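The structure appears right after this line, and notes come after that.
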Amino acid sequence: MAETLISGATLWRPDGAETADLLIRDGVIAAIGPALSTTGARVLAHGCLVTPGLVNTHHHLYQTLTRAVPAGQDALLFGWLRALYPIWARFTPDHMAVATQLGLAELALSGCTTSSDHLYLYPNGARLEDTIHAAAEIGLRFHPTRGAMSIGESDGGLPPDSLVEDEAAILDDCIRVIDAFHDPAPGSMCRVGIAPCSPFSVSRDLMRDAALLARDKGVRLHTHLAENDEDVAYSLDTFGCRPGTYAEDLGWTGDDVWHAHCVKLDPGEIDLFARSGTGVAHCPCSNCRLGSGVAPLRDMLDAGVPVGLGVDGSASNDMASLVGEARQAMLLQRVTRGADAMSGAEALRVATEGGARVLGRDDIGALVPGLRADLAIWDMTGVDAAGSWDRAALLLAGPRRVRDLFVEGRQVVRDGQLTTLDLPRLLERGEGLLRDLMR
């Protein structure tokens, strides 16, 4: 029986904070209270804030090797994609694995314990398990999704023909990876989803068939929706309806579905998502970076839409800091709706409990006995929190990197350093692959 006692910390709560000890036993939060004891390991956390591990609901981890590409730095969404597709077409399984580990390492240092990933292109023999095996070495809880593109430029789509796949083969591979890697059990470290890339890169038939397959297999559905004005215009011109109607007609609403971005949802679509329990991955930094707009987060939350946060791909952010994403979400609602539109506590709740709900997890997202021991420890004694009257106000003043991080009770970050692999060596591998791509 493995135990770890975290003592003397301030434990974050949505309605405040408390000073208490927290006991981890066999990967689960076993107890919270004063003066707990253990015969196992001890972590002294005086002067620290403990939060639930943050949950990332949208990412394209492979893009970690294509940050700040000059041709895409100032482009809108469709132009940005056209600039990057030719580079991504040169990726190999090694690029996928190293980019995944670099992205997850960055997320871990920002307090993230669970991440989804949307991989929708498979050049040069790449497969979804390239990312699954890479993530297992890092030690974060992982929700990979088998994405796809099937409509290339020659058929009126956006991606080059070299990056699209046959739709029957896509569905067959979805079955393969679900059967091989999906674990629906409580405490699961890997749950696979199905995720056609977007309405402008796959057919209506694939969207419909993907929804049927996901429900037959008991897995979740994910895609991009209503990201910007171009996206909405494409839906109106091509399908004769808004994105929300398109999704509903094809079976893409429900509590087993979550859509990325949803910047341009109108009131009717927000109501549809609330009634159906359809989730949203809110990606505020990427939305700012690509000039997509400010998502109606306040309206979605007030209506009861399940919302989590996502960093989006590192080619459109170009960072992967989930605590930074939570701060940005809070600030954007304030700048558009007033300083009382969103508190730091509410934004952090979206990043934890909200993300867990969006990914269909009832075993993570809060500091509660019986839930899995996924938690972040933030050192509040440094210069970035100096003078703070409220140490629970992490998003207003406080560190942006964790001191310690636990996933399933395992310490993945200790004293600000990754424990699960050699980060300097990983960075060296990434630099070599980057140089190859830049030639």
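The values are calculated or read from the model by the stated rules, or taken from the named source; none is laboratory data. Predicted model only: the values in this text are computed from it and were never measured. Cβ placement follows ideal geometry from the backbone for every residue including glycine, while neighbour counts extend to all protein chains displayed. We work out accessible area using only protein heavy atoms, side chains counted, and drop any ligands, DNA or RNA first. Shrake-Rupley method; radii C 1.70, N 1.55, O 1.52, S 1.80 Å.
Structure values in brief
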read-out	value
Projected-area average for the range 230-277 over all orientations - Cα convex hull basis, square nanometres	3.2 nm²
Listed peptides 275-283, 211-219 by packing density, highest first (mean Cβ within 10 Å)	275-283, 211-219
Debye log10 I(q)/I(0) at q = 0.17, 0.21 Å⁻¹ for the range 299-433, Cα point scatterers	-1.14, -1.48
GNM top mover of 329, 373, 339 - the chain, alpha-carbon springs below 10 Å	339
The range 294-348: trypsin sites (Lys or Arg not before Pro) in DSSP loop, at most 15 other beta carbons within 10 Å	none
Net +/- balance of residues flanking residue 124 in space, Cβ distance below 14 Å, scoring K and R +1, D and E -1	-2
Heavy-atom accessible area per residue - the chain, 1.4 Å, Å²	37 Å²
Nearest-0.05 FRET efficiency for residue 275 and residue 19, computed from C-beta distance (R0 51 Å)	0.80
Residue 44 paired with residue 212, simple spin-label distance in nm, labels 7 Å along Cα-to-beta-carbon	6.3 nm
In nm, spacing of pseudo-spin labels at residue 425 and residue 438 (7 Å Cα→C-beta vector)	2.4 nm
Space enclosed by the convex hull of the alpha-carbon atoms of the range 53-115, per residue, Å³	93 Å³
Calculated P(r) tail over 20 Å for the range 171-262, as whole % of Cα pairs	36 percent
Contact order relative to length of the range 72-231, as percent, for alpha carbon pairs under 8 angstrom and 6 or more apart	20 percent
Paramagnetic reach from residue 180 (point 7 Å along Cα→Cβ, amide N under 17 Å) across the range 131-167	131-137, 143-148
Peptides 37-45, 242-250, 410-418 ordered by average Cβ neighbours within 10 Å, highest first	242-250, 410-418, 37-45
The range 419-429 - phi-based ³J(HN,Hα) in whole Hz, Karplus 6.51/-1.76/1.60, Gly and Pro as x	9, 8, 7, 7, 5, x, 5, 4, 4, 5, 4
Antiparallel bridge percentage (DSSP; both residues within the chain; nearest 5)	45 percent
Equivalent ellipsoid semi-axes - Cα gyration tensor, the range 95-224, angstrom	25, 17, 12
Hydrodynamic radius (Kirkwood) for the range 355-439, which is based on Cα pairs only, to one decimal in Å	15.7 Å
Mean separation of Cα contacts under 8 Å (6+ apart) over length of the chain, as relative contact order %	21 percent
For the range 94-101, 3J(HN,Hα) per residue [Karplus equation, 6.51 cos²θ - 1.76 cosθ + 1.60, θ = phi - 60°, Hz, x = Gly/Pro]	5, 4, 4, 5, 5, 4, 4, 5
Residue-count net charge about residue 337 - beta-carbon cut-off 14 Å; Lys, Arg +1, Asp, Glu -1	-2
Hydrodynamic radius (Kirkwood) for the range 1-117, which is based on Cα pairs only, to one decimal in Å	17.5 Å
Max mean-square fluctuation residue, GNM over the chain, Cα-Cα springs under 10 Å, options 226, 326, 303	303
Under-5 Å amide H pairs with residue 28, H placed in peptide plane, nonlocal only	373
Globularity index of the chain, i.e. its alpha-carbon radius of gyration over 2.2 N^0.38 Å	0.94
Calculated P(r) tail over 27 Å for the range 248-372, as whole % of Cα pairs	14 percent
